[in-house]
Structure formats: structure tokens, C-alpha cells
Amino acid sequence: MTDWIEIGTLEDIPRLGSRVVRTTQGDIAVFRTAEDEVFALNDSCPHKGGPLSQGIVHGKRVTCPLHNWVLELSDGTAVAPDQGHTACFPVKVEDGIVRLSLQRQHT
Amino acid sequence: MKEKLVLIGNGMAGVRTLEELLKIAPDKYDITVFGAEPYGNYNRILLSPVLAGEKTIDQIMLNDKQWYVDNGITLHCGKEKEVVQIDRRKRKVIASDGTTAEYDFLLLATGSNPFIVPVPGNDLPGVVTFRDIHDVDLMLEASKQHQHAVVIGGGLLGLEAANGLMLQGMSVTVVHIQDTLMERQLDKAAGALLRKSLEERGMHFYMPAQTTAIIGEDRVRGVRFKDGSELYADLVVMAVGIRPNIELAKKSGIHCERGIVANDTLQTFDPRVYAVGECVQHRGQAYGLVAPLFEQAKVCANHLAHLGYARYQGSMTSTKLKVTGIDLFSAGDFTGDETTEEIVIKDAARGMYKKIVLKDNRIHGAVMYGDTVDGAWYFQLMRDGTDISAFRDHLMFGESHLGDAGHGGQNKAASMSDSMEVCGCNGVCKGTIVKAVTEKGLFTLDEVRTHTKASSSCGSCTGLVEQIMSSVLGGGYSAAPKEKPVCKCTDHTHDEVRKVIRQQHLLSIPDVMRYLEWRTPNGCHSCRPALNYYLLCAWPAEYKDDAQSRFINERVHANIQKDGTYSVVPRMWGGVTTPDELRTIADVADKYKIPTVKVTGGQRIDLLGVKKEDLPGVWRDLNKGGMVSGHAYAKGLRTVKTCVGKEWCRFGTQDSTAMGIELEKRTWGSWMPHKFKMAVSGCPRNCAEATIKDFGIVAVESGWELHVGGNGGVKVRATDLLCKVTTDAEVEEYCYAFIQLYREEAHYLDRTAPWIERVGLEYVKQRIVEDAEGRKALRERFVESQKYAQVDPWEERASHDVERHEFVPLKLVG
């Protein structure tokens with residue numbers, strides 16, 4: 001069973017932007033794409049820990065603001081030739097309400 | 001049903017076209033490739049190092065057979081799979097063993113054939129060319145059994161072959177029909193130096209000499225010349241040139257001259273048939289170097305994908321000799337004529353020779369021998385058509401002589417050890433770059449940046465990285481095309497984008513992307529900030545800024561630091577502060593437990609280590625003390641540095657502090673292509689260091705000197721003197737006009753220094769100094785734009801909750 005936590009509405013997150021959910025296990029960045037898809041990643045770049053929530057979102061990717069690593073929003077892997085991975089969390093939107101699970105997805 | 005694409009020729013140009021095509025239209029075609037060599041695709045330009053024993057065949061493979069499988073490409077390769085007929089009516093190709101393939105589009109990349117000197121005996125065993133893996137195998141084999149080699153041809157290829165055979169232990173004589181080596185790339189002086197240093201390495205020369213026969217019975221035994229003399233040889237290498245391989249095309253009725261004639265979209269006279277590579281003749285020119293072939297590949301792929309906007313307009317090429325330890329570079333037209341001038345340095349004792357041919361103050365060609373460290377730089381200047389008059393007197397001494405902060409290329413790439421650091425930002429050493437270039441088959445600066453990170457940050461090592469690439473790849477080094485596209489999401493250049501925004505009155509980033517058919521749905525971190533700026537600059541009143549297309553620093557009006565905290569710099573007009581302001585700053589630092597308070601390089605105070613959620617509070621308190629944002633994070637006006645000037649200084653000639661404050665009050669808040677710094681010095685002692693600023697003002701007894709284009713960062717550049725004016729009003733008018741010209745015409749992320757070097761000081765003078773009407777119009781546009789720009793972003797966010805969501809978490813959990 002997945003424990004879904006209501007974290008806010010879709011409108012709370014800017015399009016092509018993100019918001020941070022602060023948890024006891026660290027910050028989680030919740031992203032919203034131009035197509036209103038929502039993704040959640042551990043808010044830390046695998047390179048040097050940069051806050052991904054502060055990066056520029058494009059397509060289904062985000063660019064880390066510290067050294068321009070690009071990560072896939074769907075699974076948290078770094079876009080080649082960079083190599084690395086950050087944790088990814090299940091998130092869903094129903095009737096405009098965004099819900100997040102703190103169970104890390106394994107990829 | 002997918003359309004069918006057939007490629008004839010499994011070499012570098014053809015396969016590169018497929019790679020480009022797969023990138024932009026992966027599912028468009030069923031692809032079939034015919035290749036006469038029994039391998040995958042390999043890096044032909046690295047055959048010289050294979051012959052020299054520095055590399056193995058496996059190390060120069062670009063795409064092995066698995067690559068074709070992975071990409072769903074049918075590969076027919078080997079001698080029996082050579083295509084012998086094209087049935088254009090039935091759109092079908094036929095190989096010599098009867099294999100056929102139908103096509104909707106056909107791509108010819110048949111390359112070239114080595115030219116065989118038409119003399120008796122040229123088919124004897126032991127006579128080889130230098131073209132493919134098979135030739136290299138023959139030579140390596142021969143070098144094990146035989147001792148004496150003659151290489152016919154003293155050009156690039158011949159000398160590389162000769163060097164390789166010498167390194168395999170053979171005694172080698174190069175026979176050349178001219179009296180100068182590499183006469184197409186070198187003038188006589190450089191050719192003589194090259195000969196001398198090759199002789200010192202043990203190479204022999206017999207020149208000028210015309211070969212009339214190859215002698216021998218069951219195997220080659222020697223070479224005979226026109227004057228009757230003979231040389232003994234048990235291996236003869238013919239390396240006198242290449243001819244486009246057009247036999248098949250010709251037979252199929254495709255129009256050929258010297259090569260297969262192709263237009264700017266790489267189409268032949270049959271619109272279903274494209275051609276790329278060495279077999280092509282484009283605008284009368286056939287290319288034998290890899291860089292232009294890759295440019296062709298890109299354009300051809302664009303048209304095969306039915307995108308239809310790219311155009312190939314010919315290439316400029318440069319040459320390097322891949323003989324280790326010999327530094328030689330040439331580019332463009334180095335002979336010159338009555339319309340050109342030349343600058344020459346020759347130091348025979350040091351084995352150094354350098355010649356630059358100039359036309360209308362632009363580099364027209366260059367030959368360098370012995371010291372080629374600046375080859376890439378000269379080539380860049382040549383391709384960009386840069387006006388060099390501003391630094392003509394330094395030109396010969398190279399780029400490093402123009403000043404840089406330490407990584408600009410004063411090192412010689414070839415003499416560096418593998419462990420030496422090249423990119424100081426990312427800690428990349430030479431060996432990593434060399435390895436990436438050879439093992440991953442990289443050809444362009446962009447590829448090296450992506451794979452190694454070298455030159456991808458501050459860019460000060462770009463020249464050096466390019467030198468390393470050209471020392472590894474020689475003629476294969478693919479320099480960036482003349483006008484760079486904005487980013488990988490488009491092929492349009494910065495100038496094209498700006499023009500379209502104005503002409504079509506485009507008012508949003510999605511509109512621009514739609515109009516110019518961007519390849520990505522919403523761009524990337526490179527193009528979105530650029531487009532946002534271009535729109536803002538074009539329509540200051542109408543355009544609505546797009547926060548999500550700004551880098552975080554500009555989005556939250558503070559500088560992000562390595563640990564994810566921020567730093568805050570209040571504006572300190574002209575570098576002047578008061579005890580009250582200092583007290584406010586101290587109180588803020590105490591209240592928010594700010595760990596570091598530092599004086600910046602630009603006469604201000606930086607509060608470092610502020611948590612993001614504290615930013616609005618910090619700003620509110622600073623606002624209360626009368627301070628606004630210093631835009632220390634902005635691609636816009638940063639500081640106006642001043643000295644104390646006439647008011648206090650015993651040497652001061654004008655009130656530089658007041659001038660600095662006035663200018664800062666008028667210009668703050670304006671967004672620009674990059675950060676912009678000004679300074680005002682009160683006398684020629686120049687204590688405010690105005691001559692390394694984007695706009696520098698130096699007071700003199702009779703008025704003000706205005707300087708432009710300085711830079712104290714990555715590459716130190718002293719300003720150029722724009723002009724002298726007498727009144728304060730003139731200082732402002734010229735300053736605003738200059739800023740506006742820079743805002744309207746520089747590419748995003750160009751500082752003023754590289755921009756001025758590109759367009760030339762003369763151009764800027766003509767627009768700002770000579771054209772009074774134009775200057776006033778620029779000034780007006782700047783003043784108009786400032787009406788919408790001078791809003792303190794801190795006040796908006798601290799007191800009116802603008803962008804509130806930026807500073808509070810969405811939710812706290814647990």
C-alpha cells in the first residue's frame with residue numbers, strides 16, 4: 001500500500017517550475033512541466049548536491065543550477081554523458097490535488 | 001510504411017549523416033548501407049597514427065557492427081557488396097553479388113580514390129596507396145620484411161605516410177614533383193623549415209623530381225625519374241592526391257564535373273539523390289578534410305528529415321600535420337596578392353616562422369611553423385571576419401599576449417604532458433581530453449565539452465582545448481561553424497532570432513519557438529534565458545518577463561552559493577555608504593545569523609549564507625534602512641566603481657564620485673546580454689581602474705575620456721578609447737547610447753569585450769561617435785526602456801508578496 005500525502009494543488013506549482021516539500025528525510029522537489037505533468041525528485045543533484053528545485057525545467061528534464069547537470073524528471077537519472085542518479089518519488093494529481101508518497105521508487 | 005533510405009559508402013561522411021538524421025528523425029526511414037570495406041565505420045583521419053604504431057585499428061572504430069544492429073540499419077559490407085549499378089527509374093541499387101535494395105531517397109557518399117601516377121609498373125606488388133585499413137595493413141606488413149621505402153608525394157598525406165613508415169623502422173625517401181613540400185598549405189619559407197626538421201629526423205628527400213617509371217619484375221625494385229636517375233625501393237607508396245569517386249554516379253546519369261555536383265541542400269541533379277563527402281563538388285569546391293564533410297552531413301540530414309531549413313554554404317578549412325613533434329598550421333589564402341598585406345616573423349635559429357595575410361584589416365590566411373599555439377585563434381578570427389585593426393600591433397604575438405587570467409593558451413598543447421590541467425574550472429587534464437577524442441570519436445568542441453566538461457564553464461581554456469583537439473585530429477578537427485546557433489534546440493543564430501522577434505512582433509517565448517520551429521517543446525536552459533532577454537530588450541513595455549526562463553539568481557534576486565544558500569548585496573551608489581547604512585547591514589547580519597560579511601571586488605558589501613526563506617525578511621530590513629537590490633546577480637548593470645575625485649583628492653580633476661552616483665542612478669535595473677560594469681576615475685591615475693570596465697570614464701582637465709570594452713575577468717582586456725567629451729551631459733548621452741547598442745546587438749552571454757572584438761571598434765565608433773542622430777536615437781530607446789526597468793525587485797517581494805511561492809515550502813511533512 002502506498003501512503004499518499006496531500007501536498008497542495010497543481011496551481012501551487014508554477015508551470016516549468018517547482019516547489020519544495022520539506023520532509024524529515026530531506027527536501028523533495030516537486031516539478032510541473034508545460035503539459036502539467038508532475039514529478040518528484042530528491043532535491044539534490046548527484047554531482048555536488050545542488051538544489052534541483054531551483055533549476056530551469058525544460059521538456060521532462062531539469063538543469064541543476066550549480067553546474068548545469070541535466071536530470072530526467074521521470075526517474076532521476078543524469079542525462080549522458082554525465083552519470084548519476086537521484087532518488088525519485090511517486091506523485092499523482094487528481095482533481096487538481098497533488099499527492100506524494102515518501103516511498104522511494106527503485107529504478 | 002516507413003520510407004526507404006539507402007546509403008552507398010560506409011565512410012565518415014555518410015555515416016555521420018545517418019547519425020545526424022537519427023538524432024532528429026529516428027523513425028523516419030528504413031536504412032540500408034552499402035560499404036566496400038569489410039568493417040563498420042572507422043575514423044580514417046587516424047590512419048596515420050595507426051601506421052605510426054601509436055594506435056590500433058580497434059581504437060579508431062567510430063561505429064562497430066553492433067551500432068548498425070542497435071539502430072535497425074541493414075549493413076551490406078565487403079568487396080562483393082560494392083554497388084555497381086543504380087537504377088534510378090525503378091529506384092533500386094544493385095551490388096556486384098546481386099544484392100539489391102530499393103530506395104525512396106538515395107545518399108551517395110562514395111568518397112574518393114587515391115590518384116595513381118600513370119607510369120609503367122604502377123601495378124607491381126609492393127606499390128601501395130594510403131587510403132584505407134587495407135593499405136595500412138600492406139604497409140605494416142612490408143615494413144616488417146623490407147627496408148627501403150619511397151613515398152611519391154610531398155603533401156600532407158605523403159609526409160604522414162613517410163613518418164609512419166620511418167617509425168616502423170624503414171629508411172624512407174620522399175619524392176616530390178615541386179621544389180616545396182606541402183605547397184598547397186605552405187609557402188616556400190615554411191616548406192623549407194619543415195624539410196629541414198624532417199631531415200633531422202632521418203627522412204630523405206628527392207625533389208623536384210618527376211617519376212617516369214616504377215621498376216621491378218615480380219616485385220617493385222625501384223623508381224626511375226625523368227632525368228634518368230633511379231632510387232632503390234622495395235616499397236613504393238603513392239600519395240599524390242585523391243580524386244572524387246564519381247564513377248558510379250556518372251554511370252547512373254547523375255551530373256558530375258570534377259565531383260558529383262550538389263547544391264546547398266546537398267541534392268544532386270536528381271532530387272531523390274543526395275551526396276555528401278569527398279565525392280561531392282559544391283560551388284566548384286571539393287573537400288578532403290573532415291570538418292566540411294561534417295557540416296555537409298548536418299545539412300543533408302536536415303533535408304532528409306524534411307525539415308528543410310539548413311543550408312550549406314561552403315567551408316573554410318585549416319590544416320595541421322599529424323607528425324608528432326612538428327608544429328605546422330595553415331589556413332585560408334596564405335599567398336596573397338596585390339590587394340593584401342602580410343605580416344611575417346621568421347626566426348630560423350628557433351625553427352619558427354609565422355605569416356599572416358591580411359585583407360581590409362581581416363585575416364585572409366595564415367601559415368605557421370614551429371609555433372602554432374595561436375593557430376586556432378587566427379582561424380577563429382578568420383572565420384568570424386573579425387576586424388583586427390584594434391590589436392594589429394599585438395596580432396603576431398598571439399592571443400596570450402592580449403592578456404588573460406592564466407588559462408588562455410600560453411601553454412603549447414603538443415608539449416603538455418597528459419597529467420597537466422587544461423580546464424581549471426572542472427579539473428580536466430590533457431590526457432582526459434585526448435582519450436575522449438580518440439576513444440569516443442569526438443570531432444567538435446561541443447562534443448568535447450559534453451563528454452569531458454573541459455571548456456564548458458568559464459571558457460578561458462577554449463583555445464587550449466581546441467589546440468589539443470587539432471593536435472590529435474589534425475585536419476580532421478571540426479571547428480564550430482561560422483555563426484553558431486543559439487543552442488542544440490535550433491539551427492537559427494542569435495541574430496536571426498532577434499531579427500524575427502522584431503520583424504514579426506513576437507511577444508512570447510512559445511511564439512518565437514513556434515515561428516522558428518524549435519526542435520524541443522520548451523527549449524533548454526541555454527535558449528530560454530536568451531529568448532527571454534531578447535524579447536525583453538525588443539519590447540520593454542509590452543513583454544511580460546518569464547520567471548521560469550531565468551537562472552535562479554535572477555529569479556530570486558540573490559546569488560546561489562555552493563551549499564544552496566544565497567548571498568545578498570545591497571546597492572551602494574557609486575561605492576558611497578553612510579554610518580546608518582552600515583548599521584543596518586550589521587543589524588541584518590546579526591538578526592538573520594548571516595555567517596559571512598564580505599567586501600566585494602566592486603565596492604560593496606556581500607552578506608553570504610542567507611537561507612532562501614529568510615531572503616524576503618533580509619530585503620525588508622535592508623529596504624527599511626534605505627537600501628535596494630545591488631543586482632549583484634544580474635545580467636545587467638552591476639556597479640559603478642569610483643575614486644574620491646576632485647572632492648577630496650589633490651590630483652582630482654573632476655567630481656568622479658558624483659558622476660558615478662549619477663550614472664548608477666540612471667542605469668540600474670536594466671537587463672543586458674551579460675553583466676555590465678562601469679567605473680569613473682577622477683584623473684588619469686585611474687584609481688577606479690576604469691580601463692578594465694565595460695564602460696570606463698577617466699576625467700582629464702578638459703573633460704572626460706570615454707573607454708569601452710574592458711574586462712578584468714576570464715581574459716583581461718584593456719578598454720579601447722571611444723572618444724573624449726567635455727560636458728557631463730555628453731558623458732550620459734554616450735554612455736546610454738553605448739549600453740543600448742550593446743543591449744540591442746550583442747549575443748546573449750557576450751560581454752562587451754568579445755562583442756567589440758567581433759564587430760570591431762570602428763563599427764562602434766561609427767554608431768556612437770560619428771552618427772549623432774543614431775546616438776540620440778539609441779539614447780532615447782535606452783531612456784524609454786528604463787521607465788519599465790527601475791523597480792526594486794526586493795521591495796516588490798518583501799512588501800508586496802510578489803512571487804511569494806518562491807520563498808516558502810509547498811508543504812512540511814513529518
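The values are calculated or read from the model by the stated rules, or taken from the named source; none is laboratory data. This one's a predicted model, so the numbers in the text were calculated from it and none came from an experiment. Backbone-built Cβ (ideal geometry, glycine too); neighbour counts: all protein chains shown. Areas reflect the complete protein model, heavy atoms only, side chains present, ligands, DNA and RNA absent. Shrake-Rupley method; radii C 1.70, N 1.55, O 1.52, S 1.80 Å.
Quick look at the values:
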item: CD proxy at 222 nm, helix term only [per DSSP H run n ≥ 4: -39500 (n - 2.57); per residue of chain B; nearest 500]; result: -9000 deg cm²/dmol
item: Per residue value of the accessible surface for segment B:150-293 (all protein chains in place, 1.4 Å probe), Å²; result: 41
item: Residue B:231 accessible area, 1.4 Å probe, all protein chains in place, Å² to nearest 10; result: 40
item: Overall dimensions of chain B as given by Cα atoms, namely Rg and Dmax in Å; result: 31.1, 101
item: Residue B:791 accessible area, assembled protein chains, probe 1.4 Å, Å²; result: 70
item: Computed magnitude of the charge dipole of the protein assembly as shown (debye, nearest 20; Cβ of K, R +1, Cβ of D, E -1); result: 360
item: GluC sites (Glu not before Pro) restricted to DSSP loop in segment B:527-607 with at most 13 other C-beta within 10 Å; result: B:542
item: Principal-axis tilt of helix B:772-789 within chain B, Cα atoms, nearest 10 degrees; result: 70
item: Relative intensity, log₁₀ I(q)/I(0), of segment B:1-105 from a Debye sum that treats every alpha carbon as a point, q = 0.12, 0.15, 0.24 Å⁻¹; result: -0.43, -0.65, -1.32
item: Long-range HN-HN contacts of residue B:358 with modeled amide H, under 5 Å; result: B:341, B:342, B:343, B:364
item: Share antiparallel - DSSP beta bridges, the protein assembly as shown, percent rounded to 5; result: 70
item: Cβ-derived FRET efficiency at R0 22 Å, residue B:716 paired with residue B:343, nearest 0.05; result: 0.40
item: Fully extended contour minus Cα-Cα distance, from residue B:730 to residue B:122, at 0.36 nm per residue; result: 211.1 nm
item: Note, ³J(HN,Hα) from phi for segment B:332-348, Karplus 6.51, -1.76, 1.60, rounded to Hz, x at Gly and Pro; result: x, 8, 9, 7, x, 8, 5, 8, 10, 10, 9, 10, 10, 10, 9, 10, 4
item: Shielded residues, segment B:786-814 - accessible-area loss of 50 Å² or more between chain alone and all protein chains, probe 1.4 Å; result: B:805, B:810, B:811, B:813
item: Modelled FRET efficiency - R0 51 Å, residue B:651 with residue B:199, Cβ distances, 0.05 increments; result: 0.25
item: Hz values of 3J(HN,Hα) by residue in segment B:241-249 - Karplus curve (6.51, -1.76, 1.60), Gly and Pro given as x; result: x, 10, 10, x, 8, 10, 3, 5, 4
item: Pairwise centroid distance, computed over Cα atoms, of segment A:1-45 with segment B:751-814, Å; result: 32
item: Angle between chain B longest axis and helix B:728-745 axis [Cα atoms, degrees, rounded to 10]; result: 40
item: Solvent-accessible surface (1.4 angstrom probe) belonging to residue B:326, in square angstrom, nearest 10; result: 10
item: Antiparallel DSSP beta bridges within segment B:155-229, percent to nearest 5; result: 60
item: Between B and A, accessible area buried - total, square angstrom, nearest 100, 1.4 angstrom probe; result: 2600
item: Neighbour cut-off at most 13 other Cβ (10 Å), DSSP loop, trypsin sites (Lys or Arg not before Pro), segment B:262-302; result: B:272, B:283
item: Solvent-accessible area, 1.4 Å probe, carbon plus sulfur percent, for the protein assembly as shown; result: 49
